[in-house]
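A short write-up of the structure that comes next.
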Amino acid sequence: MSGPGTVIVGAGQAGVQVALSLREFGYSKPITIFNDEGHPPYQRPPLSKAFMLGKVGHEGMYLRNPDYFDRASISIVCDQVQTIDRVARKVIGQSGGQTEYEALVLATGSRNRTLDVPGAELNGVFSLRSLDDATALRGQLQSARDVVVIGGGFIGLEFAAVASKAGARVHVVEAAARPMARAVSPEISAYFTRRHMDRGATFAFGDTVLRIDGKDGHVVSVQTAKGGLVPADLVLIGVGIVPNSELAHAAGLATDNGIVVDEHLVTSDPSISAIGDCAIYPNVFSNSMLRVESVQNAIDHGRSVAARLMGRPSAYCAVPWFWSDQGEDKLQIAGISLVGDIGLTKGDQAGGRFSVFLFRNDSLVCVESVNRVADHMAARALLKTGRLGRLTPDTVQSETFDLKAYASKETVDA
């Protein structure tokens, strides 16, 4: 293999998937992945769950055995891309090395949003995004007695469940009126609030952090805006993420809360694609430009771009789906919900096995399932067909309604 091929900036799930799919589809030109972390490409979802619980080690996190990339003739360059020269079609690394490309894929991912308060730099205060973050956090969790989680999103609550299991007293500070407010229905928020409280966690909703206090350089407490002074020897900051779009912006590509791409995941430069957390694309399920942060989105983006580079283009329209493991509970979401959607609950809420069907203008747009994997799989299949017109709120409310049976019929008929 010689000459320019495909260069991928970012060694996360999305970037690696492009390389894997290209080789699977028979791509014979060079593939280069720029990896700016000190580890072989690895998975991120287990960082706040299985890895934090000690159920999986470093090697179990790898997306592929490190020698796979050599065998597949995929070059991993341990460097950070500093500049994209669109005229010469090359990228320039921090080390000064230059790599030409025929096609460039930006899979730059995202980074944690920072919390600009006094004391955020103290020992014992963490964010969780990388394998190094998780390793350090796991080491201190073993001796932590009082844990404060700032932010009640997926990552914050997943870690809160792990910390409770480890025997720590957990306090969650969340600016919104309920946990996971931007991602789930009020019914799901209420269930998980109760479940975390059953494990001993406490919540401060509608509250923010004013400062983090320390002694001898280590955190000892957190002061909130509503006057709460919470003891803490370990703090996790989980207040959202920011897309890494600066490299694209500096290269003159369109950006707006991410790298703007079309329905084929192509940027404003036809030789450059953007995928995963960093890409904002026209999402058919929300009927808007959307940036989706999920493993499914990263994998499907990678496959879609690889297929297009192999001459098989198609508009990206995969059903978005997500999951979150919190203690013994598995939350799975298919589709995209928005504020104002009407939720109908089916199943046993008290027993922790139920689904919430979310409707917009009497059309099903999302199904949230707690410990009902069959419902989740059926919802994904049903949303994929687009045959939702006959599925009304009245249909779902019927005592005889079964989502799996309904989805099976619609999938066969589609």
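The values are calculated or read from the model by the stated rules, or taken from the named source; none is laboratory data. Since this is a predicted model, take the numbers as computed values, not measurements. Quick reminder, even Gly has a Cβ in these numbers, built from the backbone with ideal geometry, and neighbours come from all protein chains shown.
If you scan the range 121-139, which residues turn out to be in contact with a Ser or Thr (Cβ under 7 Å, 6 or more places away or on another chain) and either surrounded by 19 or more Cβ atoms within 10 Å (Cβ to Cβ) or part of a loop (DSSP other than H, G, I, E, B) (or both)?
Of the residues in the range 121-139, the ones in contact with a Ser or Thr (Cβ under 7 Å, 6 or more places away or on another chain) are 128, 133.
Hit for the range 121-139 is 128, nothing else.
Scan the range 308-345 for residues that are assigned to a strand (DSSP E or B) and either of a type in the set (D, E, K, R) or within 28 Å of residue 165 (Cβ to Cβ) (or both) and the total you get is 13. Condition first: assigned to a loop (DSSP other than H, G, I, E, B), surrounded by fewer than 16 Cβ atoms within 10 Å (Cβ to Cβ) and touching a residue at least 24 places away in the same chain (Cβ under 8 Å). Now tell me which residues in the range 95-113 satisfy that. Within the range 95-113, 113 is the sole residue that qualifies. Does residue 68 satisfy the criteria of being assigned by TED's automatic domain parsing to the domain that holds residue 12, of a type in the set (Phe, Trp, Tyr) and surrounded by fewer than 18 Cβ atoms within 10 Å (Cβ to Cβ)? It is true that residue 68 is assigned by TED's automatic domain parsing to the domain that holds residue 12, of a type in the set (Phe, Trp, Tyr) and surrounded by fewer than 18 Cβ atoms within 10 Å (Cβ to Cβ).
Across the range 346-370, what is the total count of residues that are surrounded by 18 or more Cβ atoms within 10 Å (Cβ to Cβ) and either of a type in the set (S, T, N, Q) or part of a helix (DSSP H, G or I) (or both)? Break it down into steps so the answer makes sense when it comes.
Initially, the range 346-370 is screened for residues surrounded by 18 or more Cβ atoms within 10 Å (Cβ to Cβ), giving 346, 354-359, 364-370.
Those still in the list that are either of a type in the set (S, T, N, Q) or part of a helix (DSSP H, G or I) (or both) too: 355, 369.
Total meeting the criteria: 2.
Restricting the range 371-391 to residues that are touching a residue at least 40 places away in the same chain (Cβ under 8 Å) and surrounded by fewer than 21 Cβ atoms within 10 Å (Cβ to Cβ) leaves a set whose member that is nearest to residue 198 (Cα to Cα) is 371. Of all the listed residues (30, 40, 4, 66), the sole one being touching a strand residue (DSSP E or B) at 6+ places or on another chain (Cβ under 7 Å) and within 21 Å of residue 135 (Cα to Cα) is 40.
What number of residues in the range 16-39 are assigned to a loop (DSSP other than H, G, I, E, B), of a type outside the set (Gly, Ala, Ser) and either over 23 Å from residue 95 (Cα atoms) or out of contact with any Leu (no Cβ under 8 Å at 6 or more places or on another chain) (or both)? Talk me through it step by step, then tell me what you get.
Residues of the range 16-39 assigned to a loop (DSSP other than H, G, I, E, B): 25-30, 35-39.
Still in the list and also of a type outside the set (Gly, Ala, Ser): 25, 27, 29-30, 35-37, 39.
Cutting the leftovers down to either over 23 Å from residue 95 (Cα atoms) or out of contact with any Leu (no Cβ under 8 Å at 6 or more places or on another chain) (or both) gives us 25, 27, 29-30, 35-36.
Within the range 16-39, residues that are assigned to a loop (DSSP other than H, G, I, E, B), of a type outside the set (Gly, Ala, Ser) and either over 23 Å from residue 95 (Cα atoms) or out of contact with any Leu (no Cβ under 8 Å at 6 or more places or on another chain) (or both) number 6.
Selection within the range 256-270: residues that are assigned to a loop (DSSP other than H, G, I, E, B) and surrounded by 18 or more Cβ atoms within 10 Å (Cβ to Cβ). The member of this set that is farthest from the chain's Cα centre (by Cα) is 267. Against the list (1) in contact with a Ser or Thr (Cβ under 8 Å, 6 or more places away or on another chain); (2) of a type in the set (A, V, I, L, M); (3) not assigned by TED's automatic domain parsing to the domain that holds residue 125, the condition residue 225 fails is (3).
Of these, 79, 116, 85, 70, which one is among the acidic types (Asp, Glu), at pLDDT 95 or above and more than 20 Å from residue 7 (Cβ to Cβ)?
Values: 79 fails: more than 20 Å from residue 7 (Cβ to Cβ); 85 fails: more than 20 Å from residue 7 (Cβ to Cβ); 70 fails: more than 20 Å from residue 7 (Cβ to Cβ).
Within the list 79, 116, 85, 70, the selection yields 116.
For the range 381-407, filtered to residues that are within 15 Å of residue 284 (Cβ to Cβ) and basic (Lys, Arg), the residue that is modelled with the lowest pLDDT is 387. One residue stands out in the range 324-345 among those that are touching a residue at least 60 places away in the same chain (Cβ under 8 Å) and of a type outside the set (Gly, Ala, Ser): the one that is surrounded by the fewest Cβ atoms within 10 Å (Cβ to Cβ), namely 329. Looking only at the range 363-377, how many residues end up being touching an Asp or Glu at 6+ places or on another chain (Cβ under 9 Å) and either modelled with pLDDT under 90 or of a type in the set (A, V, I, L, M, F, W, C) (or both)? Number of matching residues: 4.
Count, please, the residues in the range 371-384 that happen to be outside any helix (DSSP H, G or I) and farther than 15 Å from residue 405 by Cβ. Outline the logic, then answer.
Residues of the range 371-384 that are outside any helix (DSSP H, G or I), as a first pass: 371-372.
Right, trim to farther than 15 Å from residue 405 by Cβ and you get 371.
So the count comes out to 1.
For the range 181-228, a residue qualifies if it is in contact (Cβ under 8 Å) with a residue 12 or more places away in the chain, part of a strand (DSSP E or B) and surrounded by fewer than 18 Cβ atoms within 10 Å (Cβ to Cβ), and the qualifying residues are 202, 205, 210, 211, 213, 218, 220, 223. Every listed requirement among (1) of a type in the set (Ser, Thr, Tyr); (2) under 18 Å from the mean Cα position of the chain (by Cα); (3) over 22 Å from residue 294 (Cα atoms) is met by residue 110 save one, (3).
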